[in-house]
1. Between Trp243 and Thr121, 0.36 nm times their residue separation minus their Cα-Cα distance comes to what?
2. Name the long-range amide H neighbours of Ile552: under 5 Å, sequence gap of 5 or more, or other chain; modelled H, no Pro or chain starts.
3. Grab the Cα-Cα distance for Phe4 and Ala31, subtract it from 0.36 nm times how many residues apart they are, and report the gain in nm with one decimal.
4. How far apart, in nm, are the 7 Å Cα→Cβ label points at Ser383 and Ile56?
5. Amide H of Ser83: which non-local residues (sequence gap of 5 or more, or other chain) have their own amide H closer than 5 Å, using H built in the peptide plane?
6. Could you compute how fast the stretch 351-402 diffuses translationally, taking Rh as the Kirkwood radius over C-alpha pairs and applying Stokes-Einstein at 25 °C with viscosity 0.890 mPa s? Give it in µm² per second.
7. Within a 10 angstrom radius of the beta carbon, how do Asp250, Asp582, Asp461, Asp565 rank from fewest other beta carbons to most?
8. Just the C-alpha atoms of the stretch 483-570: what Rg/Rh do they give, with Rh taken as the Kirkwood radius?
Amino acid sequence: MAAFGSFALLIALALAAYNLFAGTIALRMLATGQPARISPERLADTARRAGIAGFIAVSGAAFALVWSVFNNDFSITYIMEHSNRALPAPYKFAALWSGQEGSLLLWAWLLAAYGFVLRLTHKTDVKLYAYAGTILAAVQVFFLAVINFAAPPFSLLKGAIPDDGNGLNPLLQYPEMVIHPPMLYLGYVGFTIPFAFALGALMMRYPGEKWIKITRGWTMVTWLFLTMGIFLGMHWAYAVLGWGGYWGWDPVENASFMPWLTGTAFLHSVMMQERKGMMKSWNVWLIFSTFMLSILGTLLTRGGLVSSVHAFAQSSIGDWFMVFLVIVLAVCIFTYILQRSHLKSEQRLESLVSRESSFLFNNLVLLAACFVILWGTLFPILSEYVQGSKVTVGPPFYNRVAIPIGLFLVFLTGVGPLLPWRATSLRAIRRNFVIPSIALWSTVIVCLAVGVRPWKDGSFDAGNFYALVAFAISVGVFTAILSEFLRGAGVISRQTHRNLFAATYLLIRRNTRRYGGYIIHIGVVIVVVGLAGAAFNRSEERELALHDKLPIGPYTLECVGFTQDSNLNYNSEYALLDVYRDGKKQFQITPEKRVYLASQQPQTMVAIHSVPGWDLYVVYEGTNPDTGQPIIKAFLNPLVSWIWAGVVFMVFGTFVALVPSLTPATAALRIPATQPAPSEPALGGGH
């Protein structure tokens with residue numbers, strides 16, 4: 001299988017190179033209009049077919065690697081290093097992306113899969129798709145060159161073939177790691193598609209905003225995958241690493257968050273271009289930046305430039321990615337300078353208090369957050385280059401700067417929907433902002449009354465202050481969004497005599513993009529409430545003999561035993577803890593410590609009991625070598641489950657936004673003939 005996989009990758013590289021070469025020649029012939037022996041349309045079609053065939057070739061290589069893993073072919077170095085015979089089947093499949101070479105193969109395969117779908121739908125706009133497909137082929141050539149020459153996944157082991165492999169990294173032997181990396185890659189790789197369309201549209205001076213409408217679905221799906229990947233990674237870090245948190249501003253965490261921020265900005269600002277013909281240059285550079293940040297994230301992860309639990313070891317492929325990133329930046333700058341006259345705005349901003357300005361401020365805040373995170377992530381590299389010593393930037397820096405920016409961003413998500421287009425009157429401000437303002441200040445009063453105050457032990461506490469602000473803004477924003485739903489649903493309900501739920505459904509179906517966006521904003525608000533709970537985390541650590549107790553919050557943990565177990569993959573020891581509340585036993589939890597046999601690496605398995613108000617999070621840290629008794633660390637983490645609930649809303653809202661809206665004629669069929677159809681202004685225009 002190693003020979004087959006290697007040959008398939010070489011064929012894929014040749015097909016991608018032909019796709020790039022033939023596609024470029026065909027587009028050049030179409031641009032110049034010069035007669036030629038071969039039709040440019042026919043040449044472009046052969047390039048498209050080569051791209052489709054390339055997907056088949058890369059799929060063959062990916063299949064060969066997975067087949068070799070499941071058949072324990074330890075003659076392949078990659079499989080020997082990342083698998084073993086006793087590894088459960090789901091983790092054997094996950095071995096495809098557990099190492100550098102395999103993860104790059106996954107990237108190349110997903111890129112080919114995205115290209116496969118793109119090339120099958122080329123008749124939507126043949127010329128634009130030809131440009132996008134050729135640009136996509138250039139990216140494919142780079143990744144296929146890397147895995148053919150710099151990081152080949154089918155390299156054979158030198159010397160004797162071992163009977164068993166080293167096994168999968170214990171940190172990756174967790175159910176979420178079967179889906180978290182593919183989700184992230186689907187997000188990273190997927191941004192290549194809108195990048196290719198944006199660059200292609202700029203190269204050909206594509207008229208109008210049709211390219212944005214074509215790529216909106218691609219961008220939203222990609223954004224959804226990246227969102228799910230980030231939050232799955234947060235949950236993995238929370239459940240596996242055993243430190244009680246879910247986000248530590250790790251460089252690789254930051255690398256996934258930065259393209260998410262710019263991608264979010266792009267999804268908001270393209271509405272301005274579609275509706276008003278504004279922010280054209282801004283949008284082009286947002287999607288360029290998103291793609292380049294995805295490549296930068298890959299460079300940070302695989303180049304060994306930063307220290308991270310997520311990163312791979314030092315590698316020479318970092319130079320490949322650095323050169324590629326420079327080439328991409330140069331092409332983007334050159335194309336923009338050449339075609340910048342095509343990107344002139346058709347209208348100007350008329351008022352600072354308008355929905356247009358809210359989109360602009362939203363973009364500025366997102367980019368400010370991205371810059372802060374980028375600066376903090378690259379600072380160790382820059383300091384080493386300038387001073388000769390690496391100076392790291394920790395969570396205090398990010399929290400001090402990023403949290404205020406994030407809270408202001410949440411505030412804008414509530415303000416924007418309440419502002420009309422073009423300009424806002426004082427009367428409209430009073431009408432739209434009174435109820436959300438009352439909700440906000442009422443929340444402040446309630447929080448102060450129940451003890452959420454911006455001071456602790458007589459001195460100012462930043463964590464408590466930010467939590468108070470987060471709770472207040474979140475309630476205010478939620479009220480603002482809810483009022484938008486109720487206002488529109490009320491109009492439909494009065495005109496159709498339907499109940500409020502039916503009217504709300506029709507309201508959403510009339511403008512799925514707008515109200516799907518509002519549902520996503522509700523999810524963001526819920527996530528912010530969950531994040532604010534971290535200000536009130538508590539922890540206790542103690543060595544527990546049999547029947548010793550550990551109180552934390554409303555719970556008391558009693559040690560009723562500790563034991564050991566083993567299987568073919570790992571040995572484990574765990575503590576048995578009865579959990580009491582108000583003197584009554586509620587449940588039993590069993591935090592565990594494993595040692596994997598193939599690698600002899602330890603792994604913590606956290607015990608988590610979640611309720612809406614908090615998580616009881618218990619870690620078995622091992623035994624005291626002197627006494628042989630277990631050491632238990634317990635955390636009480638408020639509102640963590642709200643984070644995961646908020647993600648569900650964000651995913652649901654994205655699906656709603658992807659559903660086509662009802663046309664006015666179709667919407668009229670949903671309303672009784674005796675009633676007039678509600679007017680479009682009453683239901684609102686595009687978000």
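None of the figures in this text is laboratory data; all of them are computed from the coordinates on show. Nothing here was measured: the structure is a model prediction, and the numbers come from that model. Positions of Cβ are backbone-derived with ideal geometry, glycine not excepted, and every protein chain shown enters the neighbour counts.
1. 39.2 nm
2. Those qualifying (amide H under 5 Å, at least 5 residues apart or on another chain) are Leu557.
3. The Phe4-Ala31 span can extend by a further 5.7 nm.
4. 5.4
5. Asn166, Gly167
6. 192
7. The most exposed by this proxy come first: Asp582, Asp565, Asp461, Asp250.
8. Across the stretch 483-570, the Cα-based Rg/Rh ratio is 1.39.
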